[in-house]
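Engineer: If you scroll down you'll find the structure; I have some questions about it.
The values are calculated or read from the model by the stated rules, or taken from the named source; none is laboratory data. Note that the structure is a prediction, hence the values are computed from the model and not measured. Neighbour counts are summed over all protein chains in view; Cβ atoms, including those assigned to glycine, are modelled from backbone coordinates with ideal geometry.
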Number of protein chains: 2
Amino acid sequence: MREIGEFGLIDAITGLLDQGDDSVVVGIGDDAAVTAYSKGSQVVTTTDMLVEGVHFRRDTISDRSLGYKSLAVSISDIAAMGGIPKHAVISLAIPVEMEVERLQDLYAGVADVCRDYQTHVVGGDIVKTSGPFVISVTLIGEVEAGRALLRSGARPGDLLFVTGTVGGSAAGLDCLLQAEPRVEAAEEDLRHLLQAHQEPRPQVSAGRLLLESGFCTSLNDVSDGLASECNEIAEKSGVRLVLEGESVPLHESVRRYAASRGQDPLEWALFGGEDYQLVGTMKPEGVAPLTALFAKNALSITVIGRVDEAGTPGVTLVRNAQKQELKPRGFNHFG
Amino acid sequence: MREIGEFGLIDAITGLLDQGDDSVVVGIGDDAAVTAYSKGSQVVTTTDMLVEGVHFRRDTISDRSLGYKSLAVSISDIAAMGGIPKHAVISLAIPVEMEVERLQDLYAGVADVCRDYQTHVVGGDIVKTSGPFVISVTLIGEVEAGRALLRSGARPGDLLFVTGTVGGSAAGLDCLLQAEPRVEAAEEDLRHLLQAHQEPRPQVSAGRLLLESGFCTSLNDVSDGLASECNEIAEKSGVRLVLEGESVPLHESVRRYAASRGQDPLEWALFGGEDYQLVGTMKPEGVAPLTALFAKNALSITVIGRVDEAGTPGVTLVRNAQKQELKPRGFNHFG
């Protein structure tokens, strides 16, 4: 970093990124970015901060994947509102001794995720720090006015669903933390699990289908595990959710890897987090049309429970015909 | 922090902030914020990251002033586009041993600046770090479509101007770094200089007057000192600027304090930075109407030079009838 300096780095990074589409009126290089959104839309904004040694470790993720994931987690928040991601600003606090190549790799990953999700980097800030590497991403998207999908809309009688499969990211992390992970997982399983952890694919298309269908009543993304996300919906909506453990969709790779490790894969789905699938509630009449619509788009959606007719806000887990209170056990800083 | 945890802190902070106006459709507490902007407007976005020990030191700024200033610097970027600040997201990386009271003071300052500039905090992220305290602010505003004031619009024949007075922030910092600053400055001067450094007032109203007048051709805010900002305008516009040193408006407090310290106050104005006034160019016919308009709004604007008819992009400083090339000497990380 000392060799090329702040401005040399900005030039090197800007060269890796596209210049944006018509929605980018003023991109990188002035006091602020100017962006345009569709008529009749509202703006959706989310922000995430990642600290080396807290949120990521160099031995479990490459810099390129880190670039991918650091934007993907914010894209997932926009997806969880039913929105469309559009523009990102990225700030970095960089240890002075850091090699420029690491940052170029990081931005190559940022360019990858931007390409996959038609998102454009329109600004940022680069500063030095005496501490660990810090990445701060703010992502701005759009959604039809008044139609954002909130956590607070679940009503008695609704069904609880999740998109895709869950538990893969926690399985991938478990795998990465093993000294010799390849011993216990088949090559194909390993690929699935590592991608689930290192380069998760946020569910923007699924969020759009859910919003457009009109059947979805509440939505959240699976960043801290199903237990935590379902409790958030229950609390914000003031309802009791019933989650059927046996219905939770687990990928075959997760099942196989869990068996080889002697672990319970449902634990990963409930408490692992970082799957970045969408969990929410819908009106019962939405099941058939949404299942068909998802299948048509090479996506999947699974009913995993329901909103109870009564009861204090919270989540009941039903498993092997046994009921228990499902408490959140997500990652808590300063805990 | 260990005692109240992440969620306790979020509750404590949220209580300090207002709930926003009609433009805040969904505020703190869901996956993302949803905000609405005026019809026919575009969105203006800026982001700044501040690191303890790099951008601020506890012995020169209180936590409350730090909260004020951390948002003020971003508000200034929106002002420099002629925009109106609206919504902020704030992320903090917090050392585990930090006292919660410091963060409450910080957010009291954030609430102050939000009140002064009708800006609302709509989200954020709070994480822990093993390193120094990091504050990341992203500020979103609006501007009439196609009318944002850029750095690139200066044309030969335009006049160079600055709003208010400059040099006060650097004088204030010089003051703070003295063992006994009160010895050398009168009470009233001291108050002016310290406020200039610790709680700068971004020039949103001035930016709006400049945009609405139609006379302003380029605009920048004074974050790194006049030398650096003028060079940015010169480079982006592809023009040569002539800056008349004697015309640069210095506050009486700055002149008096500089005299008592045996320093050249123009050096502070040119290279000190953090004044958060606006510098830019305008059509010559704008001088009389803008001067009157600013005076009517209890603001000031001063012509400090012009855009040359020819010459390579850069800035010529004229002082005591001597010409010299004015190079930027702003703060450069990793330099």
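Engineer: I need the full set of residues from the stretch B:31-44 which are hydroxyl-bearing (Ser, Thr, Tyr) and out of contact with any Asp or Glu (no Cβ under 9 Å at 6 or more places or on another chain), in order please.
Structural biologist: Once the filter is applied, which keeps residues that are hydroxyl-bearing (Ser, Thr, Tyr) and out of contact with any Asp or Glu (no Cβ under 9 Å at 6 or more places or on another chain), the stretch B:31-44 yields only B:THR35.
Engineer: Sticking with this structure for a sec: Could you list all residues from the stretch B:152-177 that are out of contact with any Leu (no Cβ under 7 Å at 6 or more places or on another chain), of a type in the set (S, T, N, Q), over 14 Å from B:MET81 (Cα atoms) and surrounded by fewer than 24 Cβ atoms within 10 Å (Cβ to Cβ)?
Structural biologist: Those that are out of contact with any Leu (no Cβ under 7 Å at 6 or more places or on another chain), of a type in the set (S, T, N, Q), over 14 Å from B:MET81 (Cα atoms) and surrounded by fewer than 24 Cβ atoms within 10 Å (Cβ to Cβ): none in the stretch B:152-177.
Engineer: Output the number of residues of the stretch B:211-232 satisfying the condition of being polar (S, T, N, Q), within 24 Å of B:THR291 (Cβ to Cβ) and buried (at least 22 other Cβ atoms within 10 Å of the Cβ).
Structural biologist: The qualifying residues number 3.
Engineer: So which residues in the stretch A:112-132 are within 11 Å of chain B (Cβ to nearest Cβ) and either of a type in the set (Gly, Ala, Ser) or surrounded by fewer than 24 Cβ atoms within 10 Å (Cβ to Cβ) (or both)?
Structural biologist: Result: A:GLY123, A:GLY124, A:ASP125, A:ILE126, A:VAL127, A:LYS128, A:SER130, A:GLY131, A:PRO132.
Engineer: Got a sec? Which of B:SER38, B:SER76 is surrounded by 16 or more Cβ atoms within 10 Å (Cβ to Cβ) and among the polar types (S, T, N, Q)? Spell out how you get there, then give the answer.
Structural biologist: Working: B:SER38 fails: surrounded by 16 or more Cβ atoms within 10 Å (Cβ to Cβ).
Matching residue, one of B:SER38, B:SER76: B:SER76.
Engineer: Inspect all residues belonging to the stretch B:79-89 and state whether any of them is at pLDDT below 95 and facing another protein chain (nearest Cβ under 8 Å).
Structural biologist: Looking through the stretch B:79-89, none of the residues is at pLDDT below 95 and facing another protein chain (nearest Cβ under 8 Å).
Engineer: In this structure, does A:LEU149 turn out to be over 23 Å from A:THR47 (Cβ atoms) and either surrounded by fewer than 20 Cβ atoms within 10 Å (Cβ to Cβ) or within 10 Å of another protein chain (Cβ to nearest Cβ) (or both)? First the steps, then the outcome.
Structural biologist: On the way: over 23 Å from A:THR47 (Cβ atoms): no; either surrounded by fewer than 20 Cβ atoms within 10 Å (Cβ to Cβ) or within 10 Å of another protein chain (Cβ to nearest Cβ) (or both): yes.
The answer is no for A:LEU149.
Engineer: Please find, within the stretch B:8-25, the residue that is nearest to the other protein chains (Cβ to nearest Cβ) out of those that are in contact (Cβ under 8 Å) with a residue 40 or more places away in the chain and among the hydrophobic types (A, V, I, L, M, F, W, C).
Structural biologist: Selected residue: B:LEU9.
Engineer: Okay, next question. In the stretch A:158-203, which residues are over 30 Å from A:MET282 (Cβ atoms) and small (Gly, Ala, Ser)?
Structural biologist: Across the stretch A:158-203, the qualifying residues are A:ALA179, A:ALA185, A:ALA186.
Engineer: Output the number of the condition that A:ARG58 fails; it satisfies all remaining conditions of (1) more than 8 Å from chain B (Cβ to nearest Cβ); (2) within 27 Å of A:ASP30 (Cα to Cα); (3) surrounded by fewer than 24 Cβ atoms within 10 Å (Cβ to Cβ).
Structural biologist: (2)
Engineer: Report whether or not B:GLY167 is over 30 Å from A:ILE140 (Cβ atoms) and assigned by TED's automatic domain parsing to the domain that holds B:GLU235.
Structural biologist: Spelling it out, B:GLY167 is indeed over 30 Å from A:ILE140 (Cβ atoms) and assigned by TED's automatic domain parsing to the domain that holds B:GLU235.
Residues checked against (1) within 13 Å of B:LEU160 (Cα to Cα); (2) over 21 Å from the mean Cα position of the chain (by Cα); (3) of a type in the set (A, V, I, L, M, F, W, C):
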| residue | (1), (2), (3) |
| --- | --- |
| B:GLY245 | yes, yes, no |
| B:ARG256 | no, yes, no |
| B:GLU267 | no, no, no |
| B:PHE271 | no, no, yes |
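Engineer: Turning to a different aspect of this structure: Can you name the helices (runs of 4 or more DSSP H) wholly within the stretch B:202-318 that have at least 3 residues being without any contact (Cβ under 8 Å) to a residue 12 or more places away in the chain and touching a Gly at 6+ places or on another chain (Cβ under 7 Å)?
Structural biologist: Correct list: empty, since no element meets the threshold.
Engineer: Which residue, of A:LEU317, A:LEU290, is under 25 Å from A:ASP77 (Cβ atoms) and not hydroxyl-bearing (Ser, Thr, Tyr)?
Structural biologist: Only one candidate passes the filter, namely A:LEU290.
Engineer: Now for a separate question. For the stretch A:1-30, enumerate the residues that are modelled with pLDDT of 90 or more and exposed (fewer than 14 other Cβ atoms within 10 Å of the Cβ).
Structural biologist: Within the stretch A:1-30, A:ASP21, A:ASP22 meet the criteria.
Engineer: So is B:SER136 among the polar types (S, T, N, Q), in contact with a strand residue (DSSP E or B) (Cβ under 7 Å, 6 or more places away or on another chain), within 14 Å of chain A (Cβ to nearest Cβ) and farther than 29 Å from B:SER253 by Cβ or not?
Structural biologist: yes
Engineer: Next question. Please give the number of the condition B:ALA185 fails out of (1) small (Gly, Ala, Ser); (2) crowded, with 16+ Cβ neighbours inside 10 Å; (3) touching a Pro at 6+ places or on another chain (Cβ under 9 Å).
Structural biologist: (3)
Engineer: Just checking, which of B:SER38, B:SER74, B:SER70 is among the small types (Gly, Ala, Ser) and at the interface with chain A (Cβ under 10 Å from one of its Cβ atoms)?
Structural biologist: B:SER74
Engineer: Let me ask another. Among the candidates B:VAL143, B:VAL122, B:VAL113, B:VAL137, single out the residue that is closer than 25 Å to A:PHE133 by Cβ and either under 17 Å from the mean Cα position of the chain (by Cα) or at pLDDT 95 or above (or both).
Structural biologist: When all the criteria are applied, what remains is B:VAL137.
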